[in-house]
Structure formats: structure tokens, C-alpha cells
Amino acid sequence: MRRRIAISVVASSLTLSLAGCGVLEATGDSSDASPTKGNDITVGLLLPETANTRYEKFDYPIIKERVASLTKNQGKVEYANADADANKQASQLQQMIDEQVDVILLDAVDAHAIAGGVKKAKDAGIPVIAYDRLAEGPIDAYISFDNELVGEVQGRSLLEALGGDIDSSDKIVMMNGSPTDPNAKQFKQGALSELNGKVTIAQSFDTKDWKPENAEANMAQAIQAIGKDNIAAVYSANDGMAGGVVKALEAAGVTKLPPITGQDAELAAVQRIVAGEQYMSVYKSYPQEAEAAAEMAVAKVQGKDIQFDALARDRVDSPTDKGIPAQLVSVVALTQENIKDTVVADGIYKVSEICTAEYKDACATLGLK
């Protein structure tokens, strides 16, 4: 992927400013537009799994609400979740093609395997926008977070957690994401760009389907090979797997947990951060990503080319296509220090949701109230 961070930030800001001033709701035709659809449109939304709580809690409802607001409540979202099953998602995609939805937002379970389905949609005249994961095949656009930057932030945070007396012989376990998810490769590359040469990667796993139970089994294997007292830190690519890592360490009798990373700012992970069981997560503004995706989908199908181009100013390459229009959204390292300024300030969680009875004392220590 060619990364243009400065451009991605500008595009993100532009998304919000366009929406804020009502440009995206405009119904007048622009000189370069060829509108074939009005507000009565159907957006197909294909999400990959439910193990990560973000998809059901944030992505789907936010996209549904934004599509409704952009179309004066005339447009609708047809939603399907694949439950981490690539074959199931292929069938769901085919069903949306058969039903002739107007545009598809696709978060692929297997970015390579879905390429044939993407081509079928293209042949049927249905634009496909890759959402969150860069699917292969002739997609029309891509929106996600800057994935290499995510890995870099995780890697830097891990080094910061280890402190100034870090030694290149310190042993790190890497719990990477699913090998079928192109994002996982980018997270890994970003993390390794920070970690290589500064620590020893003693064990590294590509975790099937991102499942916490698979991460737990992998971590148990790493503990067996390295020794529970010889693990300086654990790079976990997301929060769900971080939970599995914690379970494996505690089952092995580790009472002082090493620094552990994560991603997605899941509620359980935020609580682990509060309690000192997980060092950090990567907070990604799901509302910003989801709203921009809805805006791209509606602009694309309504032929609003100026708005669409403004929302997709970056360019990325997939294994099958080059120069794909894209928007890359920036990210933030979430630690004990900035919980209030990120997930609480953005309305993702209330303090009362984070600071349940089990975490009340830890929250008080951090000034969360």
C-alpha cells in the first residue's frame, strides 16, 4: 500500500466539513455528474464477523443512520454478517447481486477469495466499495484506517511500555491477525518496522480468523516454548486476541502481566487498560469511518462525482488493481492517560459502562468519574 498520511488526514477532515455544510445532502446535479438514482436506493452492507463487537454495535447502525439521513429517509441498508465464513459471505454477496442492490459496502472475510464475487458485481453494474479491509478484484473505492500506522503505533507503544532499559535480547511474542485479512499483514509490517532490532521476536503467530480462543492456544504454546517468566511483552494485533493472551498468561500462573497491545478499543479492553492488565489499544473512530463510507456509497450511486472524489483523495494498490481511490482515517493510541479524552469524549462509552463495580477503585485512581 502506498501511504499518504497527510492526504488521508485532509480527506478525513474534508469528509466532515462536506457533511457539516450540507454538500452531501444536495440534490442538485453537478455539471460532471450523471445521476441515475434518486434517494430511493439500497446499499448492501457485508460485514465479516461478530467476534469483534464493533461491527454490530457501531458500523452497521451508524451506516444505516447516515444512509437514511443522506436520502431523506428514502434509502435503506440491506445488511448481512458472514460470521467469519468466507463461503457464507460469497453467498451473501451473490444474493445482493441477484437482488440488484445499488451499491455494496464490502468488509471481506477473505480478501483474495472474494475477488470473483466482486467481479460479478462489477459485471452486473453494481459498484463495490471495500470497507475496512482491502478486497481484491475491481473495487471502485476503499475506506479504512491507516493500517501500517496502526502497527507502528502498537510497536512504539510496546517499546515505551518496556522503558528506557530495553534490551535487544528482551523476548516478545507477536500475536498477529488472520492470514486471510490483508489488514493483518499491514499491522504486522508496521509493528515490525518499530520492533525489529530493538527486541527479540521469540514467537510469532498468524491467528486463524482473529479468534480469541486461537490466540489463547497460541499463547499457551509460546509460554511453553519460552517460559512464563521470560516474556517481556506481547504484541497483540487486536483486543479480542489480547483477551485470549491474558487468559493464557493467567492460566500459566503469571501474576504480573507483561505489557500487551490491542486494537479496536473494545469495552472489555478499555476495562483491562483501566485495571493495568492491558497496556494499550488503538482507538479508531468508527463513527468517522462508517459515516464516510455511507457518504461514499450514496455519492457513488447518485453520480455525485465531485463529492465522491473529495471523499477518496488518496490512492492505494491491491494485489489485483492499482491506484484505487481511497480514504485513510488516522488513529490514536489509547492508554490509561487518555480514556476520558477519546472513547468517553466521543460518546463510544459512558464512564458508568467502563467503571462497573469490579473496576470502581481503578477508575477512581485514574480520575474516571
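If a residue must be of a type in the set (D, E, K, R), crowded, with 16+ Cβ neighbours inside 10 Å and part of a loop (DSSP other than H, G, I, E, B), how many such residues does region 60-119 contain?
4
Right, D132: open to solvent by less than 40 Å² (accessible area, probe 1.4 Å), closer than 20 Å to L334 by Cα and under 13 Å from the mean Cα position of the chain (by Cα) or not?
yes
Among the listed residues L311, L334, L328, which satisfies the condition of being touching a Phe, Trp or Tyr at 6+ places or on another chain (Cβ under 9 Å) and modelled with pLDDT of 95 or more?
L334
Just the residues that are open to solvent by 40 Å² or more (accessible area, probe 1.4 Å) and touching a residue at least 12 places away in the same chain (Cβ under 8 Å), please, taken from region 234-252.
K247, A251
Just wondering, is there one or more residues in region 165-176 that are in contact with an Asp or Glu (Cβ under 6 Å, 6 or more places away or on another chain) and either modelled with pLDDT under 95 or surrounded by fewer than 24 Cβ atoms within 10 Å (Cβ to Cβ) (or both)?
The answer is no; no qualifying residue exists.
What are the residues in region 44-59 that are among the basic types (K, R) and either more than 21 Å from D264 (Cα to Cα) or open to solvent by 30 Å² or more (accessible area, probe 1.4 Å) (or both), if any? Explain how you work it out, then say what you get.
Of region 44-59, the ones among the basic types (K, R) are 54, 57.
The one that is among the basic types (K, R) and either more than 21 Å from D264 (Cα to Cα) or open to solvent by 30 Å² or more (accessible area, probe 1.4 Å) (or both): K57.
Among the candidates Q271, Q278, which residue alone is in contact with a Pro (Cβ under 9 Å, 6 or more places away or on another chain) and modelled with pLDDT of 95 or more?
From the options Q271, Q278, the qualifying one is Q278.
Please determine whether any residue of region 86-94 is of a type outside the set (S, T, N, Q), out of contact with any Ser or Thr (no Cβ under 8 Å at 6 or more places or on another chain) and closer than 28 Å to I348 by Cα.
no
In region 253-264, which residue that is open to solvent by less than 30 Å² (accessible area, probe 1.4 Å) and either modelled with pLDDT under 95 or among the hydroxyl-bearing types (S, T, Y) (or both) is farthest from L195 (Cα to Cα)?
D264
Contact list please: Cβ distance under 6 Å, first residue in region 77-91 and farther than 20 Å from W210 by Cβ, second residue of a type in the set (K, R) and buried (at least 17 other Cβ atoms within 10 Å of the Cβ), pairs at least six apart or on different chains.
Correct list of pairs: V77/K64.
The values are calculated or read from the model by the stated rules, or taken from the named source; none is laboratory data. All figures in this text were calculated on a predicted structure; none of them were measured in a lab. When we count neighbours, we look across all protein chains shown, and the Cβ atoms used for this are built from the backbone with ideal geometry, even at glycine. With ligands, DNA and RNA removed, areas are computed over all heavy atoms of the protein, side chains included. Shrake-Rupley method; radii C 1.70, N 1.55, O 1.52, S 1.80 Å.
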